[in-house]
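Novice: Before anything else, here's the structure in question.
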Amino acid sequence: MMQAARFAGDRKIEIRQIPLPVPTAGEVLLRVRACSLCGSDLRVFRNGWPVTPGHEILGVVDKPGDRLHGQRCLVYIPVWCGRCDQCQAQRPHLCENATDLMGWQRDGGYAEALAVPRQCLLPVPDDIPDHLATLLLDTIGTAAHGMRLSARLAPSGRVLILGAGPIGLGAMLVALQMGYGPVEVFDPNPMRRGVAAELGGVALESLEGRPAYPLILECSGNETARQNALERVAAMGAVIQLGEAAGWQVNETKAIRRKDFFYVRSFYFPISEYAANIELLRAHRAQYERLVDERAPLAGLNALFEEFANGRRIKPQLSLAA
Ligand SMILES: [Zn+2]
Ligand SMILES: [Zn+2]
């Protein structure tokens, strides 16, 4: 048996005893050590979810006799096929057959263990501690992938980041590491603005009067922010959408209609970028460390989610003792 969180809806998380998962052929049992909370989990926190959520997972492979037994691994969330055109082109995050995402359609990491398909295991080097390793997924992985796409369209100069949550702050750190600057960050939450300024960004309380930007990263999923991004991008500039939202409506104002610009959506990251992302983490470890601002065991998960939902934490995580 093991403990697993059940998201019942209405911001209620119950910890239950359920049978240990039995991996099928092609899967291994992963004993969870850490699982980071994500803005996209807040929907699940409010509405409930049929499987165990949690998709920024670090664990230890438990399969005696296996080459990876005892190895710490991250979980790459798309269950990719390896055969489709996107997989063949080294873009498994865009796999045409990946109907399941770990922690969304299959049980995820808010539990003591889960079954993980082998192709979703990313081994973690020994010098990266558990609590920082999970940042290599959504925070650094998604942000750095977005920045690499951006670099094709706007290779240098000023950047505006809308939303100083984990993706926005991750993108800010990556942008600074890639030599962009100044990197301006707008967020209505003063705590988040404070962290952005502390880590080298220029925190903005308002966008009024700011000149147009060659590159804007929309990291909030907020409708007003998206409208702002499209209006405030410079002609021939680029908007990269990293944030997620269920509904979205744009008013096509003159500021949007009368210019050429690029609009890019970026989702997750290809496994081929994983090694470079580890180097980004190693190079600015202290700054990334700042993002992980609280850790709690399963019994504290509900309270941790409350703090996160109320905007008082950047990137808290479930932390299970070794
Ligand atoms: Zn996430
Ligand atoms: Zn595929």
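Novice: Jot down the radius of gyration and Dmax of the stretch 239-311, Cα atoms only, both in angstrom.
Specialist: Cα only, the stretch 239-311: 18.7, 54 Å (Rg, Dmax).
Novice: Write down the Å³ per residue value for the convex hull defined by the alpha carbon atoms of the stretch 77-229.
Specialist: Per residue, the Cα convex hull of the stretch 77-229 comes to 155 Å³.
Novice: Under 9 Å from the Cβ of P53, count the other residues' Cβ atoms, weight Lys and Arg +1, Asp and Glu -1, and hand me the total.
Specialist: Counting the neighbours of P53, the net charge comes to -2.
Novice: Explain nothing, just the number: dipole magnitude of the stretch 142-265 about its Cα centre with +1 on each Lys and Arg Cβ and -1 on each Asp and Glu Cβ, in debye rounded to the nearest 20.
Specialist: Around 380 debye, computed over the stretch 142-265.
Novice: Moving on to the next point. Against the empirical 2.2 N^0.38 Å scaling, what ratio does the C-alpha Rg of the stretch 70-151 come to?
Specialist: Rg over 2.2 N^0.38 Å, computed on Cα atoms: 1.15.
Novice: Continuing with this model, one more query. To the nearest 20 Debye, how big is the dipole of the chain about its Cα centre, given +1 on the beta carbon of each Lys and Arg and -1 on that of each Asp and Glu?
Specialist: Around 380 debye, computed over the chain.
Novice: Oh, and also: Explain nothing, just compute: Karplus ³J(HN,Hα) = 6.51 cos²θ - 1.76 cosθ + 1.60, θ = phi - 60°, for every residue of the stretch 45-61 in order, whole Hz, x for Gly and Pro.
Specialist: 5, 6, 9, x, 7, x, 10, 6, x, x, 10, 10, 10, 10, x, 10, 5
Novice: Test of the criteria: in the stretch 230-322, which GluC sites (Glu not before Pro) are in a DSSP loop and have at most 12 other Cβ atoms within 10 angstrom of their Cβ?
Specialist: E252
Novice: Could you state the per residue volume, in Å³, of the convex hull enclosing the Cα atoms of the chain?
Specialist: 132
Novice: Continuing with the same structure: Using only Cα atoms, tell me the angle between helix 166-177 and the longest principal axis of the chain; keep it within 0 to 90° and round to the nearest 10.
Specialist: Compared with the principal axis, the helix lies near 60 degrees.
Novice: What are the equivalent ellipsoid semi-axes of the stretch 36-99, built from the alpha-carbon gyration tensor (square roots of five times its eigenvalues), in whole angstrom, biggest first?
Specialist: Those come to 24, 22, 10 Å.
Novice: Among I15, G300, G82, which residue has its Cα positioned farthest towards the positive end of the charge dipole of the chain, with +1 placed on the Cβ of Lys and Arg, -1 on the Cβ of Asp and Glu, and the dipole taken about the Cα centre?
Specialist: Working it through, the farthest residue towards the positive pole turns out to be G82.
Novice: So how do V183, V22 line up by other beta-carbon neighbours within 10 Å, fewest first?
Specialist: Lowest to highest Cβ neighbour count: V22, V183.
Novice: Around I240, which amide H atoms from residues at least 5 apart in sequence, or from another chain, sit under 5 Å from its own amide H, with H modelled in the peptide plane?
Specialist: Counting only residues 5 or more places away or on other chains, the set is I216, L217, E218, V264.
Novice: Dipole of the stretch 10-61, Cα-centred, from +1 at each Lys and Arg C-beta and -1 at each Asp and Glu C-beta, to the nearest 20 debye?
Specialist: 160
Novice: Just round it to a whole percent: the fraction of Cα-Cα distances in the stretch 142-265 exceeding 16 Å.
Specialist: Looking at the stretch 142-265, the distances longer than 16 Å represent 55 percent of pairs.
Novice: What translational D, rounded to a whole number of µm²/s, comes out for the stretch 1-148 from Stokes-Einstein when the hydrodynamic radius is the Kirkwood one over Cα pairs, at 20 °C and 1.002 mPa s?
Specialist: 136
Novice: Given only helices, namely DSSP H runs of n ≥ 4 each adding -39500 (n - 2.57), what is the per-residue ellipticity at 222 nm of the chain, to the nearest 500 deg cm²/dmol?
Specialist: Theoretical 222 nm ellipticity from helices: -7000 deg cm²/dmol.
None of the figures in this text is laboratory data; all of them are computed from the coordinates on show. Since we're looking at a predicted model, the values are computed, not measured. Counting neighbours? That spans all protein chains shown, and the Cβs are built from the backbone with ideal geometry, glycine included.
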